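Peer 1: Could you have a look at this structure, given as C-alpha cells, before my questions?
Derivation of every value follows stated rules applied to the coordinates shown; laboratory data play no part. Note that the structure is a prediction, hence the values are computed from the model and not measured. Using ideal geometry, Cβ is built from the backbone for each residue, glycine included, and neighbour counts are taken over all protein chains shown.
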Amino acid sequence: MTLFIIIISLVVYENKGSNRDTDVFVQCFFVEVIMNVVRMGIEANVHKNKGKYKAIVKFAVRALFYYSDTKKMSENFSSVERKLLFKKQPNFLSKFVTPYLCTDFSKKEKIEILSKHYDWFEDNFTTQARHQIYNERLNLLELEIDEQTYLLNLSFERNARKEGELTLSLTDSMLNKMYTISFSVFNDDIYIGGVQGGANDNGFSRTFTKAFYGLRPKSFMVETLRLMATSLGINHIYAVNETGHVSNSLRYGKKGKEISLKYNCLWEEHDGQQHDKCFYALPIQSTRKDLEPLKRQKRKLYRERYAWLDQYEQDLHNVISQHTRGTDMTPIQLAKAS
C-alpha cells in the first residue's frame, strides 16, 4: 500500500510539474524509504550465508509494499536481544504478511500479538532463560522410560514460525522431537497454533502410555502446558481448531488436507469448548475422574497416574520458578516412571 501511494505521488508530482525544493524533498523521501527497507533486509539476513542477497532483495520488495507495517515491526524489534530472533527466522519482520496462529488474524492484530508476546516474555523470564530459548533450548525436565531419557524443552523454533513463538517439545536424548506444541502469549492468554507428533514414532506412544499409567503423549503435552500456564499466571488457553489452522488459509490452497492430527477431537477430550470460529477454549485445570465407580484395576491405574501428575506438577512448577524469578540456576529435575 505504501509503495502504491509513493508511485501515485510521483505520478501526480510529474503531472503538476515541480520546483527545486519539491524535487529534492521527493527524492530524499524516496531514497530514505529505500535505504530503510534495505537496511532492515540486511539486518534480517545477517546470519544467512547461502542466498543472502536474493533474500535481501525479496525482503526489500515485500517491505516496500507493506512499508508502514514493516517499519512498525522493525521499531518493535530493534533491540539487540530481539534481533536474536532473526538468526532462526530471517524473515521475522514480515511475519505479519503470512497466516499466523490461525487463518483469521489481520496484519494489525498479528503485529500487536507479536509485540505483546515479547513484552510478556521479557517481563516474566530471566535474561539467561530467554537467551537459551532464542539460541538453542531451555531444558525443563527429564523423563526416564525403560532406561531411556526423554527431555522436556522450551524453545524458539524456525519451523514453527506460523504456529507460535514458543515451542514446548518432548524429545529423546538425541533431541529428536517426539511431540511439540507451539503457542504465543497475548494479554496473559495462551494461543496454541499447532501440535505435532514425531515423524518416526517407532512404538514411542505405546511405551510412554504404558510407563505413565495410561497417559498418552499428546495428553501429556496438553497437561504440561496447563501446568505451565498455572505457574505463569495465565488467564485462558485458546487452542486452534482444524478449520482455523494456518495450513487451511486460502494462501495455501489445498494444503490443509495434509493436517493429520485431529485437533478438534484432542481439545474436546480435554474439555475444550468452541470459543470462536478459530479457537477452542481449554480449562486451565484438568478434570479428574471420580475413582469410586471404577473397577479395582482401573482405579489403581488412575490413582497412580494422579499421584505421579501431582509430583510432576511440583517438579515443573519448581523449575519454571527458577527461570522466571531472577534465579540463574538451571538444574533439571527428574521425573521417573516407576
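Peer 1: Calculate the FRET efficiency for K50 and Y306 from the Cβ-Cβ distance with a Förster distance of 41 Å, rounded to the nearest 0.05.
Peer 2: Given R0 = 41 Å and the Cβ-Cβ separation, E is 0.20.
Peer 1: Would you tally the net charge around V222, using a Cβ to Cβ cut-off of less than 10 Å, leaving V222 out, and scoring K and R as +1, D and E as -1?
Peer 2: That works out to +1.
Peer 1: Another question, then. Quick one: net charge around K110, please, counting Lys, Arg +1 and Asp, Glu -1 for every other residue with C-beta under 14 Å from its C-beta.
Peer 2: Taking every other residue near K110 into account, the sum is +2.
Peer 1: Right, next: May I ask which of K162/K300; K71/K262; K88/K218 have a Cα-Cα span longer than 30 Å here?
Peer 2: Check vs 30 Å cut-off fails for K162/K300; K71/K262.
Peer 1: Nearest 0.05, what FRET efficiency do S79 and H317 give at R0 = 35 Å with Cβ-Cβ as r?
Peer 2: Efficiency for this residue pair is about 0.70.
Peer 1: Straight distance only, please: which aspartates and glutamates reach the Cα of K87 with their own Cα at less than 20 Å, same-chain residues fewer than 8 apart left out?
Peer 2: Hits, sequence-local ones excluded: E43, E75, D119, E122, E136, E157, E163, E165.
Peer 1: Turning to a different aspect of this structure: Modelled label-to-label distance, L175 and K298, 7 Å Cα→beta-carbon offset: nm?
Peer 2: In this crude spin-label approximation the distance works out to 4.3 nm.
Peer 1: Can you tell me how much longer the chain between H275 and I42 gets when fully stretched, taken as 0.36 nm per residue apart minus their C-alpha distance, in nm with one decimal?
Peer 2: Computed gain between H275 and I42 is 79.8 nm.
Peer 1: Now, a different point. Going by average Cβ neighbours within 10 Å, how do the peptides 150-162, 68-80 rank, with the highest at the top?
Peer 2: Per-residue Cβ counts within 10 Å, averaged per peptide and sorted highest first, yield 150-162, 68-80.
Peer 1: Continuing with this model, one more query. Ranked by Cβ crowding within 10 angstrom, fewest neighbours first, how are I284, I237, I320 ordered?
Peer 2: Least to most surrounded, the residues fall as I284, I320, I237.
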